[in-house]
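The next block holds one structure in the form of structure tokens; read it before the comments.
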Amino acid sequence: RDRLRDKYDFCFKHVEGSQQSEFEKAFLNFPVVRATQQRFQIFLEENQKLIKDGVVAASIPSGLFGELLYLDYSGIKHCQLYAIDLDPHSLVYAKQNAIHCKLGHFIEFRKKDAWALGYKNKFDFISSNGLNIYEPDETRVIELYQNFYNALKPGGKLITSYIEVPPQLNANSVVKVDILNPFYLKLQKMVMIDILQSTWANYCTQEQMFKRLESVGFKDIQIRYDKAHMFPTVIVEK
């Protein structure tokens, strides 16, 4: 690890007159970071399509709640937006963000485990990113989708995502390796895996993702890709 850091030591030094180090600039070019940024934008676009008067929606886990707060609510007189997260700190930040966005009058905050939501036919749509990539147990992931399915109204939609398995692990991977920068790929591995030992890399293939969702009853599966097809967004209907 030290040898790798020495090799890339120039990345951690600030250039004179710059507010960013070379590493900070490089970090923003990590393939997974760019894919995450693009995925977030796709979520905003898909969620925006579903915003209308009277809508009942949830972000699970809410995090800062940006997937719903950063939408356009012009002309919306009434709706219910649920920020649901097991982490109380996330809910505190979500509340602060809601105040900043002047949307607090629309929002309900709930400290809940996504695997124990307890809702039935409640939401018109659920926006959910992140939980599945931290869960290695296939059965638990399917249980998560079953909870989302139960919580949605008939005809309701789930907007979710997954991390596509890398080509070196599965020949059926849809990742577009040819557009990825080898230097940033190597630096990303050094930082995310070798140093930080990230635990979010529970990959799956598109076929596996579809089977999981279909197994709990979801239908009409649509998919939208980031440029490298690393962090696809999936839109499904109950």
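The values are calculated or read from the model by the stated rules, or taken from the named source; none is laboratory data. Quick caveat, the model's predicted, so the values are computed rather than measured. Because the Cβ atoms are built from the backbone with ideal geometry, glycine has one as well, and the counts that use them run over all protein chains shown. To get the accessible areas, we keep the full protein, side chains included, count just its heavy atoms, and leave off ligands, DNA and RNA. Shrake-Rupley method; radii C 1.70, N 1.55, O 1.52, S 1.80 Å.
Look at segment 134-153 and say how many of its residues are within 16 Å of residue 85 (Cα to Cα) and among the aliphatic types (A, V, I, L, M). Count: 2.
Of the residues making up segment 140-174, those that are of a type outside the set (Val, Ile, Thr), open to solvent by 10 Å² or more (accessible area, probe 1.4 Å) and either assigned to a helix (DSSP H, G or I) or at pLDDT 95 or above (or both) number 10.
Here is a yes/no grid of residues against (1) assigned to a strand (DSSP E or B); (2) open to solvent by less than 20 Å² (accessible area, probe 1.4 Å):
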residue	(1), (2)
63	no, no
81	yes, yes
84	yes, yes
94	no, yes
98	no, yes
109	yes, no
115	no, no
124	yes, no
133	no, yes
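Among the residues of segment 46-53, are any buried (at least 19 other Cβ atoms within 10 Å of the Cβ), at pLDDT below 90 and hydrophobic (A, V, I, L, M, F, W, C)? No, there is no match, as no residue in segment 46-53 is buried (at least 19 other Cβ atoms within 10 Å of the Cβ), at pLDDT below 90 and hydrophobic (A, V, I, L, M, F, W, C).
For segment 201-238, a tally of residues being farther than 15 Å from residue 144 by Cα, assigned to a loop (DSSP other than H, G, I, E, B) and touching a Leu at 6+ places or on another chain (Cβ under 9 Å) returns 3.
With the structure loaded, tell me whether residue 68 is open to solvent by 20 Å² or more (accessible area, probe 1.4 Å), at pLDDT 95 or above, assigned to a helix (DSSP H, G or I) and within 22 Å of residue 218 (Cβ to Cβ) or whether it fails that test.
Values: open to solvent by 20 Å² or more (accessible area, probe 1.4 Å): no; at pLDDT 95 or above: yes; assigned to a helix (DSSP H, G or I): yes; within 22 Å of residue 218 (Cβ to Cβ): yes.
Spelling it out, it is not the case that residue 68 is open to solvent by 20 Å² or more (accessible area, probe 1.4 Å), at pLDDT 95 or above, assigned to a helix (DSSP H, G or I) and within 22 Å of residue 218 (Cβ to Cβ).
With respect to (1) out of contact with any strand residue (DSSP E or B) (no Cβ under 8 Å at 6 or more places or on another chain); (2) at pLDDT below 55; (3) in a helix (DSSP H, G or I), the lone exception for residue 16 is condition (3).
Residues in segment 153-177 that are among the charged types (D, E, K, R) and either over 14 Å from residue 210 (Cα atoms) or without any contact (Cβ under 8 Å) to a residue 60 or more places away in the chain (or both): 153, 157, 176.
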